[in-house]
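Following: one structure in structure tokens, then a few remarks.
The values are calculated or read from the model by the stated rules, or taken from the named source; none is laboratory data. All figures in this text were calculated on a predicted structure; none of them were measured in a lab. Positions of Cβ are generated from backbone atoms using ideal geometry, with glycine treated the same way; all protein chains shown enter the neighbour counts.
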Amino acid sequence: MGSPVTGRPVPGDGVSLREKARALDVADPLRERRGLFQLDDTVYLDGNSLGALPAHVPGRIAEVVSREWGELRIRSWEESGWWQAPERIGDRIAPLVGAAPGQVVVGDSTSVNVFKAVVAAARSRPDRPEIVVDATTFPTDGYIADSAARLTGRRIVPVEPEKLGEALGPRTAVALVNHVDFRSGRLHDLPSLTAAVQEAGAVAVWDLCHSAGALPVGLDAHGVDFAVGCTYKYLNGGPGSPAFLYVARRHQAEFDSPLPGWTSHADPFAMASGYTAADGATRGRVGTPDILSMLSLEAALEVWDGVSLDLVRAKSLALTDFFLECVESYAPAGRVTALTPLPHAERGSQVALRCAEAPSVMRELVARGVVGDLRRPDVLRFGFTPLYTGFADTERAAATLAEVLVEVAPGD
Ligand SMILES: Cc1ncc(COP(=O)(O)O)c(C=O)c1O
């Protein structure tokens, strides 16, 4: 009989899952990375919302505050490299999303960067009246795209990413798509969807919030036009850390930002009354960078030094496979079903389980030291962050979930 969770055959009794977890942890080439983070006994499966704190960041920020701000004060814009931080940190993120240097700039929130990218993309296709938007998108992208459409005189066409091809045509100016669905964890096919958008003569804008730092993205290799993403999830930049904007080099000269602030001016300190855009990724800047958050992010990115994203992806898939296997084996029948696709090519780095009692179950899980999150009304989300999540954590999370499901009565 198939599993009630995934429909796959239920594994027979073999080596216990706890034993298996131990062996997988021993063989894990990324296991040393966990020591770089401040963690405790909690099984933290919410790094797809807020990444854990890299342990060296507080010391680095204390130094920035006391030395760079406290002693050097205004001199730090030059002497401590504050002014160049948005481009410098962008170049540090670039290899994590498969971009050559000079195409990523850091600053503002993802929402603001969605606005810049969608309006600039629409302006580059003045005769096309439609903006196609992922109908399953994280809400902010939809709200911002709607406003961008009203401002630029376009119409929104909502479509599920799997059916994007049906919505594209000579009327399409822009398509805005999430790489990984925030609710289900479904991974969308960035290479083929980007190609389809471009074949229609439109511009592809990708939201990488749930893929940057979770899997190889390959922005340059797949010819993506624009992309945005946050840095507080898998990149561990800290609460509200600045987002990033990727503008492919071939689009930079024509990138017409709807927020042309003074720090994206070609000569900001000329204080000219007229605007002349800077070259390169700098065009994506707006106002004074949020230095403390930026430098927390810059320090946090050190945990990626020497890490292969292929290893991260392999471990992420192994963790999510193992979690599903443990849930299948431990959970009482019929209480949870997997919303996350089983094929690896369609899975990001989280497992979403549908559960009628999701609010009570997540409350109880958190109380027992297993932190995932809830997407109302009935989705339990568990994020797997290969730099610090282990297989023993994963087994414990599934065992605790099963225990809670036994105690929380159906209908609670
Ligand atoms: C896919 C996606 N896009 C956008 C956002 C919102 O980003 P911000 O709050 O940085 O504007 C989130 C936040 O979780 C997200 O998951």
- In the range 189-199, residues that are touching a residue at least 40 places away in the same chain (Cβ under 8 Å) and within 16 Å of the ligand (Cβ to nearest atom) total 0
- Message: Being among the polar types (S, T, N, Q), surrounded by 22 or more Cβ atoms within 10 Å (Cβ to Cβ) and under 24 Å from Phe182 (Cβ atoms) narrows it down to one residue among Thr140, Thr136, Thr110; which is it?
- Response: Thr110
- Message: On the basis of being surrounded by 18 or more Cβ atoms within 10 Å (Cβ to Cβ) and in contact with a Pro (Cβ under 8 Å, 6 or more places away or on another chain), does Ala145 make the cut?
- Response: no
- Might you check whether a residue that is touching a Leu at 6+ places or on another chain (Cβ under 9 Å) and of a type in the set (S, T, N, Q) occurs anywhere in the range 71-93? yes
- Output the number of residues of the range 261-283 satisfying the condition of being in a loop (DSSP other than H, G, I, E, B) and charged (D, E, K, R). 2
- Note on the structure: With criteria (1) of a type in the set (A, V, I, L, M, F, W, C); (2) buried (at least 24 other Cβ atoms within 10 Å of the Cβ); (3) outside the structural domain of Gly390 (by TED's automatic domain parsing), Val327 comes up short on (3)
- Item | Of the criteria (1) crowded, with 24+ Cβ neighbours inside 10 Å; (2) in contact (Cβ under 8 Å) with a residue 40 or more places away in the chain; (3) within 16 Å of the ligand (Cβ to nearest atom), which one Ala202 fails | (3)
- Filter the range 106-135 down to residues that are part of a strand (DSSP E or B) and within 16 Å of the ligand (Cβ to nearest atom) and give me whichever is modelled with the lowest pLDDT. Asp134
- Item | Residue satisfying all of: in the range 205-251; among the charged types (D, E, K, R) and assigned to a loop (DSSP other than H, G, I, E, B); nearest to the ligand (Cβ to nearest atom) among these | Lys233
- Note on the structure: Just one listed residue, out of Gly261, Gly213, is of a type outside the set (Lys, Arg) and either buried (at least 24 other Cβ atoms within 10 Å of the Cβ) or on the phi > 0 side of the Ramachandran plot (or both), and it is Gly213
